[in-house]
Each structure stands twice: as structure tokens, then as C-alpha cells.
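Trainee: The structure that follows is given in the form of C-alpha cells.
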Amino acid sequence: MAEPQQKRLKNIVIVGGGSAGWMTAAALSTMLPKGSARVTLIESDKIGTVGVGEATIPDMLNFNAMLGINEAEFLKATNGTFKLGIEFIDWGQKGETYFHPFGSHGVDMQGIDFHQYWLHAKKSGQPFPLENYSICGVAAAQNKFALPDRNPRSVLSHLRYAYHIDATLYAKYLRNFAETRGVTRFEGLVETVAQDNETGHITGLTLENGDVIEGDFFFDCTGFRALLTEKTLGVPFTDWSHWLPCDTAQTVASERVGELLPYTKSTAKTAGWQWRIPTQHRTGNGHIYSSQYMNDDEAVDILLAGLDSPMKGEPRKIRFKTGHRKTLWNKNCIAVGLSAGFLEPLESTSLYLIQVGISRFISLFPTADVSDIIRDEYNLQMETEFNQVRDFLILHYVATDRDDSPFWNYCRNMSIPDSLQRKIDLFKEAGRVFRYDGELFSKPSWIAVGIGQNLYPKTTDPIVASLPAAQVNHSLDSMRTAMAKTVAQMPTHEDFLKNYGAAV
Ligand code: FAD
């Protein structure tokens, strides 16, 4: 039977040239067959970009691979460094530190998760923290780096990594990438948006200089302004500030000092937390806090006191609201990036959510009529994605013993989503963690943060608990020895960047 004639999308318009806009443009310019649709991007120098977004997670490697980007060239262009995980300081309790590594801890044995053996060994006095069984954790502690090994028997096969990048350079790099592949860029402020009287679909945009840009599909990448999604289509916002109460950031770069760390630092403060992100030419710093519990002057003082080198430029304040648009795809328009929603950068998930937003669109690529079922599926998948990330972020705030400020007292006692409560209860019972619906953060992440913030289960797995402690300790010792040997042979992070041709 002959297929019905398809009305293809021919004219895709992206509004916004921050990371979201240029990531979308770069992906479309690579994925769409040449000549199948025109891709146009509009950005306004008058508005500029948010300019932060320096830490990433390993999924970014897939995005770069999809675009066919050369890793060393990418790192050089973005002043990038490698990231093996995040060091969390003062989160569970003041004075405590743990590491959330990419990749796994140890090796599961007899089908039972590694951390069950670790919990059993800990009870019998084994003193080593969980991260000593993660190749990323051990390498990070010594400022070492190497690429993963494909051989599954190698310790290095468990290594996962991401990047720290300069967000402004990243958008510039992608702009060059996308323009080379045929994306047309306009500079100008979008002033009015035209819609079809019957369907409400967006049909065109008028710029400040009077130019009209028409399209049959639109990406709203206008950042917190959400020009198309909120101001034009009136899509409501689902507010999660009661679960993630931080709403303001003070950011500033500082000079680069000392060795280049292959990890992000996150230090909990009185009413939020502070990040330190090392790139090749500078350190990115930011203090995220709740304006309900701290004023701006105090927040800036804390930011500056937490720098380890002289600042470059002046601190910049960014206000935000945590949550997401009720639906991300409305009519013939998808919100990608900050216009879609924002979850604070505690686990560096925003660029990832942009990436998922684009790849889900490509996997559901519509015809020009845009059927409801496709749109609904996209919205369902993206909502699930946001919910899952949200739960993992809330875990950091609720699993704490800190009682030294009204902010932490609120977080420790707040009611949390049922989905998270269930996970915590299950973990507390016997250390069980499961990954639902292909969620982003898998077992090692939940275990690292849970145990790192003193969420110890009542009992361990009964099968493991019945094993002699000496036998378990022996297995754990061999794993630690193998990791230590491997890391001893790895180059320093900085030497690796130089030898890889990625140093600036
Ligand atoms: P923006 O960068 O704000 O870009 C908006 C674009 O829209 C601009 O080009 C502007 O010119 C254009 N525009 C707006 N209105 C108009 C108009 N009327 N006409 C024409 N053009 C218009 N993410 C991570 O993954 N890791 C992190 O470590 C991280 N840290 C962050 C820290 C903070 C404090 C914040 C606030 C965000 C952080 N993020 C992080 C998120 C990340 O910065 C953003 O997700 C990412 O930069 C995408 O932003 P965007 O492109 O959506 O918006």
C-alpha cells in the first residue's frame, strides 16, 4: 500500500544563540540530510547569553560523537579539562568530604552489588572509603588521568569521564561548526511573533530592524526569557522551589593556580553551596543560595572567601526559578535549554537536558502537521527526565545531618516527592538501589551520594552478610591494589592534556 504523502518540515528556526541554540543548530546540521530543511538561528547581542555552564557529565561524549567532533580539538577550543566526578565537602555534616565518581565502585560479585560487600567489610572495621574502590575516585585524588580501556578485564575499562569547559567558547565553537554545515545566522532582537489564527502555530518572527523570518518549526532557546514558550504560547511553569530552594547565584572567574584538578568541587555553605570548576585558563566559581535565607552581600562575601586565587572581573548575580515548563513541546515549538526549565547545576545536568531534548526531537522527528501523539510522547519523556534528575538533586539536600542554619533545618525536614521517598526507604532497609526507566543517574551515583551523606542502611544484603569477613576483605584488598597500581602508571591530568594535543 502506498504511504500517504508526507508534508515535510522545510524551514526550522532557532531563536537564541547560547549553548542551547548552538547545540540544537549543530545537531540539526549534522543529522538532517543535506538540503532537506533550512536551519536558521537568530541571536541578539543586546541580550547576550547566560555564559555559565562549565561542568558536564559523561553523556556529553555521546553528543560530541554524534557530531563527529575531535576530542583534543574540542578541549583546546573550549579551554577544556577532563572531569572524573565531583568532590562534595561539608554536605552530610561539616568537616566531611566524599567523592561522587563517574563510573562504578569496585566490581559486583555473584550478581550482588559491590557496595553490599563494602558495607559488610565496613562493619568488620575495614577503614577505606567507598571512593577508594572507584578508578575515577583514586585517579582524581592524585590528579591523574587516562582514557578508558576497551578491554573489559582492564581496571581502566571502569573509568568514565566528562569535561569542564568555558561555556562562551563552547557556543562559539558550535557556531563555527554549525555555520560551516549550512546553518544561517541572523543577529537581531526578535520583537514580535506571528501565529496562525486557527491553529495557534507560530508562523514567523519580526526583528527589530523590520526583517521577517518565517518558519514551519521553531526552537525556543531564548534562555530564562522563554520568548516563544511563555511570552507567546503562555505555557505555565511547574515550580519546584519548595524542594530545591536555592534561587540565586553569584558567579566569578578566578586566576588559575596550581595543578589542574580533574574534578569539580562543591562545598556546602550556610544557605546553599559553592562550586569550583577548573578550566585550562581560569577557575570558574559560583555560590548558589536561597534568597529566603541569605542576602546578596553576605552571599558575595562567602563567594569571595571561597576563592583560592585572585578573581578576574566582578561577581555577577543570576536569579533563577527551579522547575520546568509544564510541556516543553507546544504547537510547532520546542523549548530547549533554560527556556524549558532549570535545575541547579549541582550535578551538572543542564547541558545534558539540552542534549536529550534535541536527541528526543530527532528520534520523534515530525512532519509539518505535528501530530498530537508525537508531541505528547516527547513531553512525557522529557517530564520523566526532569523528574528523575530532580529527585537525585533533592537527595543531596535532604540526606544531611547539618543543623547549623535555618536553611539546612528546612532541607533536612522538608517533605519530598514520593518517588524519592520510596528510593530512600528502600536504600535504608538493606542498601537496595534500582534504576528505573533508563534514568540518568544509575546505582553508583545514588550509592555515592547516599553513603557519602551518611544514609546507611539498617542491614546489608543477607547473602553477603553470611560470608566470612576475611573472605570479603581479601576481595576488596585485591581491588584496591589493582586500582592503586593502575593509577600509579597514569600521567598527571596536565601531562595528559599536553600529550593529547589538547593543551591551549
Ligand atoms: P542563554 O545562554 O541565556 O541564551 C539565550 C539566547 O537567547 C541568547 O543568545 C540571546 O541573545 C537569545 N535571545 C533571547 N531573547 C531574544 C530575542 N528577543 N531575540 C533574539 N534573541 C534572543 N549547565 C551545565 O550543564 N553545567 C553547569 O555547570 C552549569 N552551571 C550553571 C550555573 C548557573 C548559575 C546557571 C544559571 C546555569 C548553569 N548551567 C549549567 C546551565 C547552562 O548555563 C544553560 O543550560 C546553558 O547555558 C543554556 O543556556 P541557554 O542557551 O538556554 O540560554
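The values are calculated or read from the model by the stated rules, or taken from the named source; none is laboratory data. Values in this document were obtained by computation on a predicted structure and should not be read as measured data. Note that we place each Cβ from the backbone using ideal geometry, even for glycine, and neighbour counts take in every protein chain shown. For accessibility, only protein heavy atoms count, side chains too; no ligands or nucleic acids. Shrake-Rupley method; radii C 1.70, N 1.55, O 1.52, S 1.80 Å.
Trainee: Scanning region 97-128 for residues that are farther than 16 Å from HIS474 by Cα and surrounded by fewer than 17 Cβ atoms within 10 Å (Cβ to Cβ), which turns out nearest to the chain's Cα centre (by Cα)?
Mentor: By that ranking, first place goes to THR97.
Trainee: Considering only region 26-39, state which residues are within 15 Å of the ligand (Cβ to nearest atom) and either open to solvent by 30 Å² or more (accessible area, probe 1.4 Å) or touching a Ser or Thr at 6+ places or on another chain (Cβ under 9 Å) (or both).
Mentor: ALA27
Trainee: In region 418-442, what residues are under 24 Å from PHE128 (Cα atoms), open to solvent by 70 Å² or more (accessible area, probe 1.4 Å) and not acidic (Asp, Glu)?
Mentor: Within region 418-442, LYS428, ARG432 meet the criteria.
Trainee: Oh, and also: Could you list, in sequence order, all residues of region 390-399 that are among the β-branched types (Val, Ile, Thr) and open to solvent by 10 Å² or more (accessible area, probe 1.4 Å)?
Mentor: VAL398
Trainee: Is there any pair with a first residue in region 343-361 that is closer than 14 Å to ALA55 by Cα and free of Cβ contacts under 8 Å to residues at least 60 places away in the same chain and a second that is part of a helix (DSSP H, G or I) and within 9 Å of the ligand (Cβ to nearest atom) whose Cβ atoms are under 9 Å apart and which are 6 or more apart or on different chains, and what are they?
Mentor: Going by the 9 Å Cβ cut-off, the qualifying pairs are LEU353/GLY337.
Trainee: Are there helices (runs of 4 or more DSSP H) fully within region 391-465 with at least 2 residues that are over 26 Å from LYS123 (Cα atoms)? List them.
Mentor: Passing ranges, in order: 406-413, 418-430.
Trainee: Continuing with this model, one more query. Which numbered condition in (1) modelled with pLDDT of 95 or more; (2) touching a strand residue (DSSP E or B) at 6+ places or on another chain (Cβ under 8 Å); (3) not small (Gly, Ala, Ser) is the only one that VAL370 fails?
Mentor: Unmet condition: (1).
Trainee: Out of the residues in region 262-290 meeting the condition of being away from the ligand (no atom under 15 Å from the Cβ) and open to solvent by 40 Å² or more (accessible area, probe 1.4 Å), tell me which one is nearest to the chain's Cα centre (by Cα).
Mentor: For region 262-290, the residue satisfying everything is HIS281.
Trainee: Select the strands (runs of 3 or more DSSP E) contained entirely in region 170-233, then report the ones holding at least 2 residues which are at negative phi and among the charged types (D, E, K, R).
Mentor: Here the list reads 184-187.
Trainee: Name the single residue that is farthest from LEU84 (Cα to Cα) among those in region 60-70 being open to solvent by less than 40 Å² (accessible area, probe 1.4 Å) and touching a residue at least 40 places away in the same chain (Cβ under 8 Å).
Mentor: LEU67
Trainee: When you scan region 354-395, how many residues do you find that are more than 16 Å from LEU28 (Cα to Cα) and under 15 Å from the mean Cα position of the chain (by Cα)?
Mentor: Counting residues in region 354-395 that are more than 16 Å from LEU28 (Cα to Cα) and under 15 Å from the mean Cα position of the chain (by Cα) gives 11.
Trainee: Here are PHE219, PHE224, PHE237: which of them is open to solvent by 10 Å² or more (accessible area, probe 1.4 Å), within 12 Å of the ligand (Cβ to nearest atom) and of a type in the set (Phe, Trp, Tyr)?
Mentor: On inspection, the qualifying residue turns out to be PHE224.
Trainee: Answer yes if at least one residue in region 193-207 is of a type in the set (Val, Ile, Thr) and closer than 30 Å to PHE392 by Cβ, and no otherwise.
Mentor: The answer is no; no qualifying residue exists.
Trainee: Mind listing whichever residues of region 130-169 are of a type in the set (Ser, Thr, Tyr), closer than 19 Å to ILE277 by Cα and in a loop (DSSP other than H, G, I, E, B)?
Mentor: The answer is TYR161, and nothing else.
Trainee: Which residues, counting only those in region 129-162, are of a type in the set (Phe, Trp, Tyr) and in contact with an Asp or Glu (Cβ under 9 Å, 6 or more places away or on another chain)?
Mentor: Result: PHE145, single match.
Trainee: Going by the conditions given, is MET294 touching a helix residue (DSSP H, G or I) at 6+ places or on another chain (Cβ under 8 Å), buried (at least 20 other Cβ atoms within 10 Å of the Cβ) and not β-branched (Val, Ile, Thr)?
Mentor: So MET294 fits the description; yes.
Trainee: Determine which single condition ASP45 fails, assuming it passes every other condition in (1) within 10 Å of the ligand (Cβ to nearest atom); (2) open to solvent by 30 Å² or more (accessible area, probe 1.4 Å); (3) of a type outside the set (Val, Ile, Thr); (4) more than 19 Å from ALA178 (Cβ to Cβ).
Mentor: (4)
Trainee: Let me ask another. Among GLU54, GLU73, which is open to solvent by less than 30 Å² (accessible area, probe 1.4 Å), among the charged types (D, E, K, R) and farther than 26 Å from THR481 by Cβ?
Mentor: Answer to the check: GLU54.
Trainee: For region 169-184, give me each residue that is closer than 19 Å to ASN11 by Cβ and surrounded by 18 or more Cβ atoms within 10 Å (Cβ to Cβ).
Mentor: Within region 169-184, ALA178, VAL183 qualify.
Trainee: Looking at (1) touching a Phe, Trp or Tyr at 6+ places or on another chain (Cβ under 9 Å); (2) closer than 30 Å to GLY272 by Cα; (3) of a type in the set (Val, Ile, Thr), which one does ILE69 not meet, given that it meets all the others?
Mentor: (2)
Trainee: Of the residues that sit in region 1-19 and are farther than 19 Å from LEU364 by Cα and within 16 Å of the ligand (Cβ to nearest atom), which one is nearest to the chain's Cα centre (by Cα)?
Mentor: SER19
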